[in-house]
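Input: a single structure, listed below in structure tokens.
Any read-out appearing in this document is the output of simple, stated calculations on the displayed coordinates, not a laboratory observation. What you see is a predicted model; the values in this text were computed from it and never measured. Glycine also receives a Cβ, built like all others from the backbone with ideal geometry; neighbour counts cover every protein chain displayed.
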Ligand code: DAH
């Protein structure tokens, strides 16, 4: 018992001064290790009388438990300060320190993919304003005032400008097609461009309609351009974008700024339904003449497609309104 009291005293002093993991480990070995002082006492119990053994044994075991507890606590504190290898990670990662990874918005991902594919086919990227004049959005695209085709686009007109004349009324562009006109006014053919951007429609919203969304316009003007060139570029683009073996269908359609006009449908492997993904055609003679490009010498193809629609097909997104919901549970899936 005397021996035990001595050891207890020693350990307490040693623990006071131990400030490192190594120092604590030394104490553990010196007293609790295989040839430690306390271990020696516990081992020698078998030589004691029954009564002595009961008393001393109980005290020695109690001391061992206490020392172990103090050592463990001290070690945790020291590790917390020292850090480094072998640390108790439960001390380092606390709920308040949770780390969140950011992710790209699906429209950013899809927008980048589209640009990458077209620039690899030698298309340049052009831009135009979102608040556009009536002239560029309609007139120059062979959609004069009072033409019934204007009803194809439900338009947000900008109020303060409604008194302007000669196509100068301001509106929020209903498609990216006006960028075609702006680009052709400033550049001589041959050229091939895409024009990605935001467009606006004065419409009721539902799972497939939004009042603002994105389009990518395409325009290529050169000598001897034909529908065959359009067909090649379009099929190449969609095949690379969806990374699937697709079926294509080019259906006759009407858009005032192209002649002939088509709509492009695709079918994904194993699917029954045709999906409408693009409007396109050969640039209308009147559109070329309007920007002083000789339509006898030059021809062009043009196309326009909805970016949200492509993202919805590619990722199986069921509702267009999710794109602007600001819901992180949606964004974090991409
Ligand atoms: N601008 C049309 C729309 O928003 C889409 C379109 C159709 C664009 C045919 C084109 C085209 O360039 O040739 O509905």
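Structure data summary
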item: Relative contact order [Cα under 8 Å, 6+ residues apart], the stretch 183-334, whole percent; result: 25 percent
item: Ellipticity estimate at 222 nm from DSSP helix runs (n ≥ 4, -39,500 (n - 2.57)) divided over the chain, nearest 500; result: -12000 deg cm²/dmol
item: Rounded tilt (10° steps) of 2-17 against the dominant C-alpha axis of the chain; result: 30 degrees
item: Inter-probe distance in nm under a simple model that places probes 7 Å from Cα toward Cβ, at residue 124 and residue 202; result: 3.5 nm
item: Ascending count of other beta-carbon atoms within 10 Å, so fewest first, for 323, 242; result: 242, 323
item: Relative contact order %, the chain, counting alpha carbon pairs below 8 Å whose residues are six or more apart; result: 14 percent
item: Efficiency of FRET between residue 101 and residue 78 - r from beta-carbon atoms, R0 30 angstrom, step 0.05; result: 0.40
item: Fewest-first ranking of 155, 65, 176, using other Cβ atoms within 10 Å as the exposure measure; result: 65, 155, 176
item: For 249, 64, order by how many other beta-carbon atoms lie within 10 Å, fewest first; result: 249, 64
item: Relative contact order (%) - the stretch 214-285, alpha-carbon pairs under 8 angstrom, separation at least six; result: 24 percent
item: Three-way shape call for the stretch 108-331 based on the alpha-carbon gyration tensor, with the a/c threshold at 1.5; result: oblate
